[in-house]
Structures are given as structure tokens and as C-alpha cells.
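Take a look at the structure set out below.
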Amino acid sequence: MDSDSEPAWKQLRLSLEQPYKDDHGNAIPTIEDITPEGEYIYETKENPSARLGANLRRIFLERGLDFFDKMKGDTLPSEDSQTGPSNSENATKKDEDSREEDEPKVMTYEDLREMREEILKNLAVSLGEMTHAQQVLAALLAAPSAESQAQSSTQTQTPSQAQSQLTSQLQPASTTPDINFSATIVTKPPPITSVQAFNAQLTIGGKDEALRHAAGLFKASAESMERTRLAGEKYWVNALKIRRNNWGLVPAPLPLGSATGKGADRTSKDFLISFGLEESPTQFRRRAIGRLPSYSGVSDDVIFPHRRKNRLRISTIVKDQTGATRTTGNKAPFDDETTLEGALRAAQREIVEQEIFSILVQEAGSLPTASAKVSERLIVIDAAQGLELQIELADDIGTFAEKQPHEERNETCDLIYDGLHILLLRRHALLKGDRLGSSTSAANVPQAVPPPESHPGSKYPVLQPVIDLLQYQVFLERVRHEITQVVQALEAAGIHTTLVLSTVGETGKELIKLLDSETNLTVGGEIVLRIFERHTIRFTFVSPSTLVAHLSQSTLTVSSVPQLCQLLMDEVEQCLLYRIRDLGKSLTEHVEGTWFIDLNHCVGRWEGCVLNFRVTYGLDYTISCTAYFLGHSSGTQGQAHQYPPKDYREAKFLDWAEYLIKNAIKHSTSSI
């Protein structure tokens, strides 16, 4: 790492030697004690001569005044007297050895020669060093003195005297030796490569192990202090971010073993992050807790001690008439957990979905319009005919989606997923309003309050509106299918129709107000079918499966699909008969024809002719019509005409009726 990038404290190199002088060069005294007032007591300095005198005085006081008289050599006579008879032999042997060593020895010629050679070498070296030092000192002392004398003489003498003195100095200067010195740098020849490597190994390996250990200890301590500093800065920076983003902060419990008695300091020294919903049950609020790491060993920004990482998964299985099934699921949103805000949002999403699943488990067993199978982490509901709803609390949605790549995404599943969150918030808001309202009324009216229900939130369901929505969707599909078939049959007959379908009649503001109210969450719509731009068939429906037909004579509630089919056929038949009647009146006006409707027949009469129309239906509401013509002429009595005609299947219904009426008028006038 570059030294410029390192902080200043890392570039500082401290000596391992204990300092004995301060920055000003004064000796640092040794501290012996510190008084309660904070005063320092330093070690007193002792004079060496005084210390020596005190030691000598102790010798005479402790061992007597004749201590030095009793000593013989290096030992005291008292020591020899104290030894017992068992050590007398050892003492005699030691005396004999010491006497032999003290006796003088006669040196031989070879010993004298070796000593002489050794002494002469040392004397020659000493002579050369002393001569060299003498010459150097003489030269150094001679040069400044001559210069100083010359300067003093030039200052005191006249110019003529100075010139003569200069000439006299120049003459002997030629005879004096040159005293100028020159420096010569002498470098020691480097050793060979192997010796250099060996010396380097000795230098590196010969370092004191204690110094290396101390250096490593200082480095580890410095790095630990740096990590602690960075962790502390990150701790408070993250705390300020959490506070700025309006996450809940609660006091942390006291550590284990803390004093909790009377008079003890029970102030919390830390805080916890509470990301649970305000009106959630206690078991979920206790699990919705996180804390910031207070040491550098953890890389996570937030620690969640009770996190389970379970997500809610919504899927639907639709079975068509052929028996084939199609599975669709929702797309679960994910947050970036590498950031502090993303980690808190992900943990909050998980705890909210776990609360939703617990409520769904409670409500699944008491659904009035559907059957459910409930297990620990899976709820299977037969919501409607051919529609199955599965709600699962999965461990890892990403891996689950990889195992089922054939599953499609459906907007209905996304709507259910988001709607469950909205219904949970609605439930919390209404329960809070009930709780605050009951407390206010109890404070104002001190009567006996009825006992609360076993489940206070049972009147604000979460699962039932979802089931109603799915049943409403299936119900609308069946109604739309029947009416669409009628429209296609009319268009195939050349009859102009207009279909207006509004599945949800409420506006966005009305839906929001519906969520705020305590009433049941029901939506409604209408469907209007106009035939010939004059006849109208109108139906209104309310979730989950209420259908009302608004007829011209009355308002009728439709309770089954066969009833709806029969009602559509009757109304369309009446519309067609009325249209034939109006067409016949306009065409037979000049022959004074009379047209009327008798139950399911349209009858037209004029002089010499009777025409009777009857509408029937085939497969998929295919329109058929039978016209019976009766006239005076024998050739035209009892003729029946069928729509659609065999020779022209694409003929329009009104054109065919108009052709028959005109033909009947023609035959009646010709017979007259």
C-alpha cells in the first residue's frame, strides 16, 4: 500500500526504548506515588558519594569496626572457623592448590620468545599510531597559529613594513613542508555473493524475537483500534439514517446480570429497531426486531435475530372444460438487501406476510361459500367451479420459481397478493378505531360493557373478500359467455346489437371509501344489451354472484344459469316479434292490415290473408323462425316458410320477414 494513502498515525514510528528525556532535553523523573489530591511524588535523586558513604557506614555498623582486619585475601577467617570437621579435608586441599598457584614459575626460552614477538608487534603498532597522531596534531596546531600571526602583524604594521614582512615570509615558505590535507575515501571490498546472502540471513534471523512480537502486538492493536473506530462511525451513521427514514427505535433490554433493584441504574445503553406494524399481535411485534452490530466482525448492516425468511406465494389452478389445467402465480417483489433501507424493508415485508398467513389459517376453516384444506404452510381453497386457490408460506420463492418454469404470471394473483396487504391494513385501522371508540364510550358512560368476542377481528375478514372476488370473476365469465353467444347469434342473423359491459361500476374514490368503511366489501356492475337500437335488456350484478334482470314489466333476480338462458331467449324472442309487428304494420298499411302478438306468436291479418310468425332457437342460441301463410286461393293455403332458408343460408332475418310479408300482400291482392 502506498504511504500517501496511509493515515498519519500509521506512518509514525515509535522507538521501543523507554524515554528518559522530554522534548526539551530535561531528564524525566520517576513517579513513585500519586496523592488523592492528584499531586505526583517523584523519586529523589541521590549523590553517588553520599550513597558510597552510607554503604561504608552500614558495613562498620553491621559487621564491626575490625571488618577489614579480619579479611585475609578474599575470604574471612570466620568463614573457615564456621566449617565443621567434615570439611577440613576440603579446606586443606584448597589451601594447597592456592599455594601452588601463588608460587612463581620459571619461563622457558620458547615462552619468552613468543611473549617477545607478541609484545613487539603491539609496540610497533602503538609506535606508528602515536607518530601519526603526533604529526597530525603538529600540522593542525601550526597552520592556525601562522595565519593568526600574519593577520595580527598586518593590522599593526605600516604598509612598507607589511610588504617587507611578506617578502620575508615568502622566502622560508619554500622550505616548509606542505601541510594541506586531502581526503581519500577507502571502501571495503564487498564480500562474495554467498557471503552476502549468509550475512543477510544472519541479520534477518538474528533480530530479537521480543521486538518482532512487540511490533506485531502494536500493529494488531492499531488495526483493532481502527476497526473499532470505523465500526463506531458506521454504527451512528446507520442510526441517523434509520431515524431519518422514520423507522421505529425502542430501548434495548438491559444485559443479563444487570442490577434491577431499587436505586439501580436501569437506563438502557442501546436501542433496537422495531419494523413491525403498530396494530400487529404481540408475537409478531416481538419478532419484528433488529439491531445494529456493535463490533467489526459482522459484515451485515442490520442483524435480525428472529428472521425466518418466509415469503407469501399466491397461485391459482384453472381447469377448463376439456380437463386441462393451467397454473399461474404472482411475482413477489424483492428489495436490495445490500443497503440498510432495503434490508429493513425486506424484513418488514416478511413479517407482514407471515401475519397475513396466520390470519388466513384462522379464517379458512369458517368460509361460508368455499371449502378449504389447511396445513402448516399451505392453504388450498376451492374458490369456484374449476378454480383452485393456493396460498403458501414458502421458504425461498426464487428457487421455487426455478423448479416450476412452466408457471405463468397472472394479474389476478398479483392483485390478490397486494389486496391481502391492503385488507390487513384495513383490519388494523378498524380494530384501532373500535378500541379507541370503546374506551371513549366506557369513560363517558360507566355501564357494564358486553364481553368482547373471542376473535375481535372476525368481523373484519381478510380472506372472504378475496374469495368473493374470485367467485365474482368466475360468475362474470359465465354471464359474459352466455350473453356473448346471444349477441353472436343475433349478428349472424343480421340483427344490429350493442353490448355494454361494466364489470366494476364503482370509481376509484368510491373503492377507497369502501375500504375505509365498516361495511362488507362488495362491488357491482351492469351489462346492457340493445337490439335494433330500441329494445334494451339490462342486468346488474353484485359480488360474489348476485344477478338482477331489469325488465320493462318487472325486476327479477336470476339465481341460476338455465334461468338466465331462458330469460335471454324470451326477451330476444319478444324483441324480434315486436320488430316483425312494426315492420308488418308499415308494409300493410295500405291494405289495412292488423298485427298483434299472441304469447309467442306474431299474427298479421288483412283481407284475403293471415300470416303467423314464431321464433325458435337452435344450438348456441341459433335463431330460427317459422312463418305460416294462409290465403283464399287454394294454391296458397297452408304454406310454411322456414328461416334460414335452405337455398340462401346467409339471408338476414328482417329481409326474409319483409320478403314474406310483401309476397303475402301480392298474393292477397291478386286473388281479389
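The values are calculated or read from the model by the stated rules, or taken from the named source; none is laboratory data. Worth saying up front: this structure is predicted, and the values here are computed from it rather than measured. Counting neighbours? That spans all protein chains shown, and the Cβs are built from the backbone with ideal geometry, glycine included. When the accessible area is computed, the model is the full protein with side chains, heavy atoms only, and any ligands, DNA or RNA have been set aside. Shrake-Rupley method; radii C 1.70, N 1.55, O 1.52, S 1.80 Å.
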- Could you check Ala124 against (1) among the aliphatic types (A, V, I, L, M); (2) modelled with pLDDT under 85; (3) open to solvent by less than 70 Å² (accessible area, probe 1.4 Å) and say which number it fails? (2)
- Return the residue satisfying two criteria in turn: it lies in the stretch 268-281 and is assigned to a loop (DSSP other than H, G, I, E, B) and modelled with pLDDT of 75 or more, and of such residues it is surrounded by the fewest Cβ atoms within 10 Å (Cβ to Cβ). Glu278
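This table checks each residue for (1) open to solvent by less than 50 Å² (accessible area, probe 1.4 Å); (2) modelled with pLDDT under 90; (3) touching a Lys or Arg at 6+ places or on another chain (Cβ under 7 Å).
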{"residue": "Gly494", "(1), (2), (3)": "yes, yes, yes"}
{"residue": "Ser517", "(1), (2), (3)": "yes, yes, no"}
{"residue": "Leu521", "(1), (2), (3)": "yes, yes, no"}
{"residue": "Glu526", "(1), (2), (3)": "no, no, yes"}
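Let's see how each residue does on (1) on the phi > 0 side of the Ramachandran plot; (2) hydrophobic (A, V, I, L, M, F, W, C):
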residue	(1), (2)
Asn246	yes, no
Lys269	no, no
Gly276	no, no
Phe284	no, yes
Arg291	no, no
Arg313	no, no
Thr316	no, no
Asp320	no, no
- Got at least one residue in the stretch 193-215 being at pLDDT 70 or above, under 49 Å from the mean Cα position of the chain (by Cα), surrounded by 11 or more Cβ atoms within 10 Å (Cβ to Cβ) and closer than 30 Å to Leu340 by Cα? no
- Single unsatisfied condition, Val591 versus (1) assigned to a loop (DSSP other than H, G, I, E, B); (2) loosely packed, with under 14 Cβ neighbours inside 10 Å: (2)
- Message: The conditions are (1) in contact with a strand residue (DSSP E or B) (Cβ under 6 Å, 6 or more places away or on another chain); (2) closer than 30 Å to Arg480 by Cβ; (3) not in a strand (DSSP E or B), and Ser624 fails exactly one of them. Which is it?
- Response: (3)
- Residues that are outside any loop (DSSP other than H, G, I, E, B) and open to solvent by less than 90 Å² (accessible area, probe 1.4 Å), drawn from the stretch 326-348: Thr327, Thr328, Gly329, Leu340, Glu341, Gly342, Ala343, Leu344, Ala346, Ala347, Gln348
- Task: With respect to Arg285, determine if the residue is under 24 Å from the mean Cα position of the chain (by Cα), outside any loop (DSSP other than H, G, I, E, B) and closer than 27 Å to Glu388 by Cβ.
- Result: no
